[in-house]
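S.K.: Could you have a look at this structure, given as structure tokens, before my questions?
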Amino acid sequence: MVWKSRLLMFVPLVGLLAASGIIGAGRVAPQLAQVVIPEPTPVSGTTPTQPSAAPPSADVPRLTQFIYSPYPSFNSEQFDRQVQLYLNYLAEYGAPDILIVGSSRALQGVDPVVLQETLAKRGYPNLKIFNLSLNGGTAQTTDWTLRHLIAPQQLPKLIIWADGSRAFNNGRVDHTYSKIISSPGHKQLLAGVRPRVPEINAFDLKQICIDMPPSYTTIQPQVRIKRVAPGSFVYPQPASTLLCSTTLKNLFGAGSVAQSAAEKANGEKVNPETANAQKAQALKPKNYLEALGFQIVSDRFNPNTYFHRYPWVAGRYDGDYRDFNLNGKQTTVALKNVIRFAEIHKIPLIYVNLPLHRIYLDPVRSDYEWRFRAYMRTVARSSSLIFHDLGDRWVDRNDFFLDPSHLNRYGAAAVARQIGQTLAIPWTLPLSVPPK
């Protein structure tokens, strides 16, 4: 087929797909070849070399400001914050090229910056990548996020769905999805009201003064200052001796600050703008990775100390695998909805089965995992879904894990590099082909 030959043009060997466990076909889906890239073997008695956190490159998206966009809660503080981060990202940069979705395993298990930089080295520069995962996410929550929460114009060009078998178990109780669909935020969505993307171009003088370089200690009050590119501004030539602080005082009124303080002291209702500013300050990302939705976890899994703090639970007693089955709402409804949705919008859909530690993979869980991987390969054969299996990769790398089923930032970087080294971007050709 013509489409298949085009999509495989950057994959080393067609036969490698079947051998590596990557099976799938689609009109627009990129292909992932699972090329084994050996990790450095540590010298006996030494600690494995830790991959360093990727420093922010010049083209890593940053938020020039963070604006709180009022919207009812989805009954999850963590996801409410993710939504606010995504709205600000949309306001600053528009829809991402690649959107990462999934549960907490994806939230802290796929580093968007490392993925961006890995793809850039392969000739795909300046791709915009955001991680919109949520704690406790399941197939149903992913379906809801893509089909109900995100507006059509906010959809990405490619979706990486990163998770594991637990998100598809129809026997477990899906508490996260139940909380979301009973939330005030979901009711607003049903009424046709989506979260609003903030207007970041509407800078007031207070923001201008904060962003102004030291050389511009004065401003001309009546001159409009416009943002011309992310992080850059056109400043007027100083034509007044009016200091920035004085301008703010005149703009807001000398009594406004005192009035706000008095309202707080008297327990009276705080001005909505003040309340929103406070929420924005509380939700504001602390660094460039958080601004991209990624949760940074640096702790490393140490079995010798971990199980002194937390009991080891056998697979047969694990609630996430309770009454494990792959025939129900998570699969026959939610998974099919997502695949069909991606096909309708012509968005390539990549499913990445994230790594698990060997300690976690006892006989019961190993059996469930085997059944899940076989199921996903079957789904991939009959749909446009691409299944990329990393489930048994790095099973003994304690330094890549936070706990037996969650990666830390080092594992997240390894996963991102693995995806980035083999992912072809279907809507553009690479600027240069890396040497073999």
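The values are calculated or read from the model by the stated rules, or taken from the named source; none is laboratory data. The model shown is predicted, which means the values in this text are computed figures rather than measured ones. Counting neighbours? That spans all protein chains shown, and the Cβs are built from the backbone with ideal geometry, glycine included. Side chains are part of the model used for accessible areas, which takes the heavy atoms of the whole protein and leaves out ligands, DNA and RNA. Shrake-Rupley method; radii C 1.70, N 1.55, O 1.52, S 1.80 Å.
S.K.: I need the full set of residues from segment 162-197 which are open to solvent by 10 Å² or more (accessible area, probe 1.4 Å) and under 20 Å from the mean Cα position of the chain (by Cα), in order please.
M.R.: 166, 176, 177, 194, 195, 196, 197
S.K.: Among the helices (runs of 4 or more DSSP H) contained in segment 87-144, which hold 3 or more residues that are over 25 Å from residue 165 (Cβ atoms) and either open to solvent by less than 10 Å² (accessible area, probe 1.4 Å) or of a type outside the set (Asp, Glu) (or both)?
M.R.: Qualifying helices (runs of 4 or more DSSP H): 112-121.
S.K.: Quick one: is residue 177 among the aromatic types (Phe, Trp, Tyr), in contact (Cβ under 8 Å) with a residue 12 or more places away in the chain and part of a helix (DSSP H, G or I)?
M.R.: yes
S.K.: Mind listing just one residue for me: the one in segment 299-324 that is open to solvent by less than 50 Å² (accessible area, probe 1.4 Å) and in a loop (DSSP other than H, G, I, E, B) and, of those, farthest from residue 358 (Cα to Cα)?
M.R.: For segment 299-324, the residue satisfying everything is 324.
S.K.: Taking the criterion of being over 28 Å from residue 127 (Cα atoms), in contact (Cβ under 8 Å) with a residue 60 or more places away in the chain, touching a Phe, Trp or Tyr at 6+ places or on another chain (Cβ under 8 Å) and of a type outside the set (A, V, I, L, M), would at least one residue in segment 378-385 satisfy it?
M.R.: For segment 378-385, residues over 28 Å from residue 127 (Cα atoms), in contact (Cβ under 8 Å) with a residue 60 or more places away in the chain, touching a Phe, Trp or Tyr at 6+ places or on another chain (Cβ under 8 Å) and of a type outside the set (A, V, I, L, M): absent.
S.K.: Quick check: anything in segment 374-393 open to solvent by 10 Å² or more (accessible area, probe 1.4 Å), in contact with a helix residue (DSSP H, G or I) (Cβ under 6 Å, 6 or more places away or on another chain) and either within 22 Å of residue 310 (Cα to Cα) or part of a helix (DSSP H, G or I) (or both)?
M.R.: no
S.K.: Within segment 341-373, count every residue that is among the charged types (D, E, K, R) and part of a helix (DSSP H, G or I).
M.R.: Of the residues in segment 341-373, 6 are among the charged types (D, E, K, R) and part of a helix (DSSP H, G or I).
S.K.: Tell me which of these residue 370 doesn't satisfy, since it passes every other one: (1) buried (at least 16 other Cβ atoms within 10 Å of the Cβ); (2) farther than 30 Å from residue 125 by Cα; (3) without any contact (Cβ under 8 Å) to a residue 60 or more places away in the chain.
M.R.: (1)
S.K.: Taking residue 365 as the residue in question, decide whether it is open to solvent by 30 Å² or more (accessible area, probe 1.4 Å) and either in contact with a Phe, Trp or Tyr (Cβ under 8 Å, 6 or more places away or on another chain) or among the basic types (Lys, Arg) (or both).
M.R.: When the stated conditions are applied, residue 365 does not pass them.
S.K.: Residue by residue through segment 326-340, note down the ones that are assigned to a helix (DSSP H, G or I) and either open to solvent by less than 20 Å² (accessible area, probe 1.4 Å) or among the polar types (S, T, N, Q) (or both).
M.R.: Those that are assigned to a helix (DSSP H, G or I) and either open to solvent by less than 20 Å² (accessible area, probe 1.4 Å) or among the polar types (S, T, N, Q) (or both): 330, 331, 332, 334, 335, 337, 338, 339.
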